[in-house]
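Worksheet: one structure, shown below.
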Amino acid sequence: MANKRTKYSKITSDIKEKLRAAYVQGESDSQGFRRLSTIEELADANNLSKNTLYKLAQRENWKMEQEKFQIKYEEE
């Protein structure tokens, strides 16, 4: 029987910072609106395990950082 496990990429510190920024700050679209990526979207786009990325985000409090950034962004 063939091995059906998906081979995921390793998360390096550079990738981790890029993913954190995309999750916390989001990206501006052509109309100037900020779009926040989900963990699933980031994992799929970067060939990473969703579970691993969820654990990393939880351990480093990405959600709380996202909420703080949103409050600061709205004040400006």
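Can you count the Lys pairs in the chain with C-alpha separation below 14 Å, eight or more apart or on different chains? Mind dumping the intermediate values first?
Working: K7/K50; K10/K18; K10/K50; K16/K50; K16/K55; K55/K63.
Qualifying lysine pairs in the chain: 6.
For P(r) over Cα pairs in 10 Å bins from 0, in percent, pick the label among (i) 18, 55, 24, 3; (ii) 17, 46, 25, 8, 3, 0; (iii) 18, 41, 29, 12, 1 that corresponds to the value derived from the coordinates.
(ii)
For the Cα atoms of the chain, what angle does the longest principal axis make with the long axis of helix 62-75, in degrees from 0 to 90, nearest 10?
Helix 62-75 and the main axis of the chain meet at about 20 degrees.
Can you tell me the accessible area per residue over the chain, all protein chains present, probe 1.4 angstrom, in square angstrom? Please list the in-between numbers first.
On the way: 6130 Å² over 76 residues.
Counting only protein heavy atoms, the per-residue value for the chain is 81 Å².
The values are calculated or read from the model by the stated rules, or taken from the named source; none is laboratory data. Every value quoted in this text rests on a predicted model; they were computed, and no experiment measured them. The accessibility values were calculated without ligands, DNA or RNA, using every heavy atom of the protein model including side chains. Shrake-Rupley method; radii C 1.70, N 1.55, O 1.52, S 1.80 Å.
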